[in-house]
Every structure is written in C-alpha cells, then in structure tokens.
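K.L.:
Shown below is the structure under consideration.
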Amino acid sequence: FSLESRPEEASLLKRLLAVMPAGDSLVERLAWGSRFVAVRASGGVGLASTLGARPDDADQDAMAGLVGQTLADVASLLPSPSPILASLGLAALNAACPAPAGARAESVGELMLRLSPGRRVVVVGDFPFATGLGQVAARLDVLDLRQGHGRLSAGSAAAALGSCQVAAISSTALLTRTLCEILSATPREAIKVLVGPSTPWALTLLDLGVDIVGGSIVTNPGAVLEAVAGDLPFFQIKR
C-alpha cells in the first residue's frame, strides 16, 4: 500500500483528490466490515473495498474523529499507508463524486459480454462474470493472486495485458497502488473498463486512459450502511 516507490500512483491519487464536487459536505456516518467500508454525507453514500484489512488501535483512534469532518478531509486519507484508512479515503472520494447525469444503468457482466466476443480479454480482479467471458472471448486471462483465481507470473501478466483488446480492471487497483502500472501495460487501443463498487465517478480517470468507468450508485443508504456493517458480500449489498 506504500506510495514511496510509486510516484505515478501518488500523482494519480493527487489528481483524483483535486476535484470533488461535493467535497465540502460533512460526514454523517461511517460503516465498515471485513469486506467494505461506507461513508455517508448529505444523504449520499460512497463505498470502497477493504481488501480484507481491519483497523488496528491507531486506526480506530483516527476513525473515531472522522464523523463531522468534510468529505475532502476524509478523502485525503486515500494515500495513507494504513489499508483501512486508505479504503475510507476512497469511500469518501466516491461519496464526494456523484454519478454524472448521463450514466447508464447496466451490469458490468452484461457490458463485458457485449465487448468480449472474439477478442483477447483480461480481467484484473475477482469478478464472478469472468467465468462466462471464457465462453465468448478469443482468449481470457484472469489476473488475481487470490486463491481460486488466475495465478500468472509477473511476466505472464504483463504479456497478457500487453496483447489484450479488452481489459476489465478492478478499481481496488487504486488501493493496491497498481492502476497506473496496469494502464501503462495495456495497449492504447484496447478498451479499458474500470469497474467495481470502489470506483469513483471521476472524469479525471478518462484523461488517464480509462475508456469506461463503471461504479455503483447507492439508492438505499440506510440498508447499505447496515449491510456493510453486517459484513455482507457485494451481491447481497446490491440486493
């Protein structure tokens, strides 16, 4: 999670934090579990994955003072070396960046099924739709080191990205500090989709080479906050 040796990733986060339409809104509530964190302000909710991180005593002390601060203040935690504070920072950034008026409702699985037939596809992250893509894509590589998913070596991963025509990239790459690395390894002409509930609705991402931004809009804040605190997986939060 350290940015010390990743200046491009640090610059990316700085650019994202520089533009927050609702950054002055005050944080009303936080919720967290082992899977997600959520930040509520002005009736809206931003989500972010924890990647399994849990707060230690120092994190708990820092989190205790976040309610009542502005979303911009909490979002400034995104570059933090603490995984859980970085996740809260990303959730605050998401709460401060409402979806654009022209956003279209479509599941990422449906989108990827439309984009994948006959193409070389890479999925970076843990997504249930990846299995179905293997039936229509000319080639499918899943780049995720967690158990049960793709386990390509660093060299093989770079080769897969370098030859792909469509890439679905988990927005948790903002937390693992690898998004710039992934984008730079992907051909300019490839369709790059940044997806997942951690995705900020930030047009800056389009300037950085992302072609499609697919995030989440929380329509039932109270229920989502309770689901996050209850440690539910995303498909149940969405339900």
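K.L.:
With unit charges on the beta carbons (Lys and Arg positive, Asp and Glu negative) and the dipole taken about the Cα centre of the chain, which residue among Leu16, Ala48, Ala159 sits farthest to the positive side?
P.N.:
It is Ala159.
K.L.:
So who's got an amide H within less than 5 Å of the one on Arg29, skipping anything under 5 residues away but keeping other chains? H placed 1.01 Å off N, in plane.
P.N.:
Under 5 Å from the amide H of Arg29: Arg40.
K.L.:
While we're on this one: How large is log10 I(q)/I(0) at q = 0.17 Å⁻¹ when the Debye formula is applied to the Cα atoms of the range 40-174, each weighted equally and without solvent?
P.N.:
At q = 0.17 Å⁻¹ the computed log10 ratios are -0.99.
K.L.:
In Å, the Kirkwood hydrodynamic radius of the range 1-67 over pairs of distinct alpha carbons?
P.N.:
Averaging 1/r across every pair of different Cα atoms and inverting gives 13.9 Å.
K.L.:
Let me ask something else about it. Gain in length, Asp61 to Val19, computed as 0.36 nm per residue apart minus the alpha-carbon separation, to one decimal in nm?
P.N.:
12.3 nm
K.L.:
Carbon-plus-sulfur fraction of the accessible area of the chain, 1.4 Å probe, in percent?
P.N.:
Carbon-and-sulfur percentage of accessible area, whole number: 53.
K.L.:
Would you tell me the accessible area of Ser107, worked out with a 1.4 angstrom probe on the heavy atoms of the protein chains, in Å² to the nearest 10?
P.N.:
Looks like 40 Å² after rounding.
K.L.:
May I ask which residue of Leu30, Ala101, Pro200 lies farthest towards the positive end of the charge dipole of the chain, with charges of +1 (Lys, Arg) and -1 (Asp, Glu) on Cβ and the Cα centre as origin?
P.N.:
Ala101
K.L.:
Tally the DSSP beta bridges in the chain and give the antiparallel ones as a percent, rounded to 5.
P.N.:
40
K.L.:
How big is the Kirkwood radius of the chain, worked out from every pair of different alpha carbons and given in Å to one decimal?
P.N.:
Mean inverse Cα-Cα distance, inverted, gives 18.0 Å.
K.L.:
For Cα pairs less than 8 Å apart in space and 6+ apart in sequence, what is the mean separation divided by the residue count of the chain, i.e. the relative contact order in percent?
P.N.:
Here the relative contact order equals 21 percent.
K.L.:
Still on this model: Once you keep just the Cα pairs under 8 angstrom separated by 6 or more residues, what percentage relative contact order results for the range 75-194?
P.N.:
The normalised contact order for the range 75-194 reaches 21 percent.
K.L.:
May I ask you to give the solvent-accessible area per residue for the range 150-213, in square angstrom, as obtained with a 1.4 angstrom probe?
P.N.:
38
K.L.:
Moving on to the next point. Considering amide H positions built from the backbone, and no H for Pro or chain starts, which residues 5 or more places from Ala137, or on another chain, come under 5 Å of its amide H?
P.N.:
Gly118
K.L.:
If you find the alpha carbon centre of the range 28-78 and of the range 91-131, how far apart are they in angstrom?
P.N.:
First find each Cα centre; the distance between them is then 24 Å.
K.L.:
Here's another thing I want to ask about it. Please turn the phi angles of the range 230-237 into ³J(HN,Hα) values with the Karplus equation 6.51 cos²θ - 1.76 cosθ + 1.60 (θ = phi - 60°), one per residue in order, whole Hz, x for glycine and proline.
P.N.:
x, 6, 6, x, 4, 4, 7, 4
K.L.:
Answer with one residue from Ser170, Asn220, Val123: the one whose Cα lies farthest towards the positive end of the charge dipole of the chain, charges on Cβ with Lys, Arg +1 and Asp, Glu -1.
P.N.:
So the residue furthest toward the plus end is Val123.
K.L.:
Mind putting a number on the dipole of the chain about its Cα centre? Charges go on the C-beta only, +1 for Lys and Arg and -1 for Asp and Glu, and I need it in Debye to the nearest 20.
P.N.:
740
The values are calculated or read from the model by the stated rules, or taken from the named source; none is laboratory data. Quick caveat: nothing in here was measured; it's all calculated off a predicted structure. Cβ atoms come from the backbone with ideal geometry, glycine included; neighbour counts cover every protein chain shown. Side chains included, ligands, DNA and RNA excluded: accessible areas come from the protein's heavy atoms. Shrake-Rupley method; radii C 1.70, N 1.55, O 1.52, S 1.80 Å.
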